[in-house]
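The values are calculated or read from the model by the stated rules, or taken from the named source; none is laboratory data. All of these numbers come straight from a predicted model, not from anything done at the bench. A quick note on method: Cβ atoms are made from the backbone with ideal geometry, for glycine too, and the neighbour counts reach across all protein chains shown. We work out accessible area using only protein heavy atoms, side chains counted, and drop any ligands, DNA or RNA first. Shrake-Rupley method; radii C 1.70, N 1.55, O 1.52, S 1.80 Å.
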Amino acid sequence: MTATLVPSQQILTPQLEIAGGRRLAGELRVSGAKNSALVLMAASLLTTEQLRLRNVPPLTDIGGMADILISLGVATSHNGDTLEMDGSGLSQSSPPYELVNSLRASFFCIGPLLARLGIARVPLPGGCQIGTRPVVEHVKGLKALGAQVTIEHGVVSAVVPGRSHRLRGGRIHLDCPSVGATETLMMAAALAEGETVIENAALEPEVVDLAGLLLAMGAKVRGAGTPTITIVGVERLHGADYAVIPDRIEAGTFLLAAAITRSCLTVAPVVTDHLGAVLTKLEEVGCRLEIDGTNVTISADTIQAVDLRTQPFPGFPTDLQAPFMSLLATANGNSVVTENIFENRLQHVAELQRMGAAIRTQGNTAFIEGVPRLSGAPVQGSDLRASAAMVLAGLAADGITTVQGLEYLDRGYADFEGKLNAVGASIRRLG
Ligand code: EPU
């Protein structure tokens, strides 16, 4: 038997080809927040009435969450950036492993499923490129609300004992302010009997957005955006029509695209309170910012080194650490970046080094010596934000950069290259 060899250039992995060194100019529009939309979609499990979400970004992760909801019996339809979900036909309490495994946020369905049906069996999502990503806090909180939870064969099984199958309010203290645990427990508590207090809750804007939706559905929630959230459970929630907040991480990535290309761009809509730490760092490196309502105009020429540490909100967000490091790789002077949220989120360093960046790491800290120019090279994004960081580096580099790892990029950035090309970038999608 003879095997046919296929010339390697015919097996083209999807990639972006970036011709670097161009100045950008114009306005970039920010889509709805992925990490908000995913959780707001899960809230459709809490009601038999229709939930309409507007400003939902067209992303593969959103499609993945819709598939999970459909597998549970929720009818979904979308028109442009509007998504309608009807949970009246909810019939399943157990989403399939293949769907949950590919989308961590889908685990957050366990809270609303348990609240509505009194039973949920959700596969553990497992780790991902950036870390092990445990769900201990989610499970601990559900137990505090009266659920019996067992973990066997990779599946978390939760059931509410008693005839009413209704969770009961309780006091929960999170050991770390996990965004996902806070959201899961808010949704679970919304239909529980009595009052729930979540202490050391996450402060992220996506948590506040979820509270906004739950209030619109008739829930009694107060304190979202502070470390103590109080929820008084109601017997049922109704439908709602709700707009997702703008994506603060996409906005930050666009501001960094201007900074790394030493350009002037307007980014909108931006809720500046959601990006305080990032805007401050951009000013510290020498960018000029003009804020007019939800329009942020940024201009950059020389960039100075700066140190930064990722922190829970309102600190500097881990999701912008890799994109900001691409900028610092081109700064005047030495910067130190410390990743405090995820244990394995410096994988982009090796790829930036391939482009001529001078970076060394020790544990979770990167020491960056700015260089005058990066040089284009084939690189690989190891997760969503690392892929975006590679594209930013490619925009600034001499020559051609090819970025693989688009399966990550497309999870979180809607038409990334289309938006950047409209302001003067030269990016082609191949394969
Ligand atoms: N953690 C625990 N125990 C738990 C839960 C979390 O130790 O039970 C730890 C994690 O290991 C991590 C830290 O707490 O070290 C933060 O995790 P968190 O639970 O807050 O993160 P998440 O809810 O899983 C969301 C976003 C992430 C974002 C983080 C932090 C969604 C779907 N994802 O994840 O977004 O990085 O919050 O802000 O909302 C991305 O968009 O690229 C992304 C990874």
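For residue 27, the residues whose modelled amide H falls within less than 5 Å of its own, excluding neighbours fewer than 5 places apart on the same chain, are 266.
If contacts are Cα pairs under 8 angstrom and at least 6 residues apart, what is the relative contact order of region 44-174 in percent? 20 percent.
Overall size of region 148-298 from C-alpha positions, given as principal axis extents largest first: 64, 35, 25 Å. Restriction of the trypsin sites (Lys or Arg not before Pro) in region 19-110 to DSSP coil positions whose beta-carbon has at most 14 other beta-carbons within 10 angstrom yields 23.
Over all distinct Cα-Cα pairs of region 1-132, the Kirkwood formula returns a hydrodynamic radius of 17.3 Å.
Taking the 1.4 Å solvent-accessible surface of region 1-133 as the whole, the part contributed by carbon and sulfur is 50%. Shown in residue order for region 205-213 are the 3J(HN,Hα) couplings computed by the Karplus curve 6.51 cos²θ - 1.76 cosθ + 1.60 at θ = phi - 60°: x, 5, 5, 5, 5, 4, 4, x, 5 Hz (x for Gly and Pro).
Amide H contacts for residue 156 (H built 1.01 Å from N in the peptide plane; partners 5 or more residues away or on another chain; cut-off under 5 Å): 122, 124. Each residue of region 366-382 is assigned a 3J(HN,Hα), and the resulting list reads 10, 9, 10, 9, x, 10, x, 9, 8, 10, x, 7, x, 9, 10, x, 8 Hz, derived from the Karplus form 6.51 cos²θ - 1.76 cosθ + 1.60 (θ = phi - 60°), x at Gly and Pro.
What does the net charge come to around residue 17 if you take all other residues with beta carbon closer than 13 Å to its beta carbon, with K and R at +1 and D and E at -1?
On the way: positive: 428, 429; negative: 417.
Summing Lys and Arg as +1 and Asp and Glu as -1 gives +1.
When you have a sec, figure out the Kirkwood radius of the chain from all distinct Cα pair distances and drop it here in Å to one decimal?
22.4
With runs of 4+ DSSP H residues as the only contributors, calculate the mean residue ellipticity of the chain at 222 nm using -39,500 (n - 2.57) per run, divided by the residue total and rounded to the nearest 500.
Values: 14 runs with 132 residues, N = 431.
The helix contribution divided over the chain gives -9000 deg cm²/dmol.
Given a 1.4 Å probe, how much area per residue of the chain is accessible, in Å²?
Values: 17110 Å² over 431 residues.
Normalised by residue count, the accessible surface of the chain is 40 Å².
Each other residue within a Cβ distance under 14 Å of residue 102 adds +1 if Lys or Arg and -1 if Asp or Glu, for a net charge of -3. Orientation-averaged projection of region 137-182 equals 3.7 nm² [convex hull of Cα atoms, one quarter of hull surface area].
Residues in region 215-229 carry Karplus couplings, in order, of 4, 5, 8, x, 7, 10, 10, 9, x, 4, x, 10, x, 10, 10 Hz; the curve used is 6.51 cos²θ - 1.76 cosθ + 1.60 with θ = phi - 60°, and Gly or Pro positions show x. Amide H contacts for residue 316 (H built 1.01 Å from N in the peptide plane; partners 5 or more residues away or on another chain; cut-off under 5 Å): 311. What the pair-distance distribution of region 385-431 shows, using all Cα-Cα distances binned every 10 Å from zero, is 26, 65, 10 percent. Of the solvent-accessible surface of region 318-407, computed with a 1.4 Å probe over protein heavy atoms with every protein chain present, carbon and sulfur atoms account for 47 percent.
Over the chain, what is the mean sequence separation of C-alpha contacts under 8 Å (at least six apart), divided by residue count, expressed as relative contact order in percent?
20
Site pair residue 375 and residue 291 shows an inter-label distance of 4.1 nm when each label is modelled 7 Å from Cα along Cα→Cβ.
With the Cα gyration tensor of region 112-208 in hand, give its eigenvalues times 5 under a square root as the equivalent ellipsoid semi-axes, listed largest first in whole angstrom.
Working: eigenvalues 86, 65, 21 Å².
Values for region 112-208, descending: 21, 18, 10 Å.
Taking loop as defined by DSSP and a crowding limit of 13 other beta carbons within 10 Å, which GluC sites (Glu not before Pro) in region 223-330 fit?
235
All other residues whose Cβ lies under 14 angstrom from that of residue 351 are scored, Lys and Arg at +1 and Asp and Glu at -1, for a net of +2. Each DSSP beta bridge with both residues in the chain is either parallel or antiparallel, and the antiparallel ones are about 70%. Computed over region 314-376, the Cα gyration tensor eigenvalues convert (square root of 5λ each) into semi-axes of 19, 12, 10 Å, ordered from largest to smallest.
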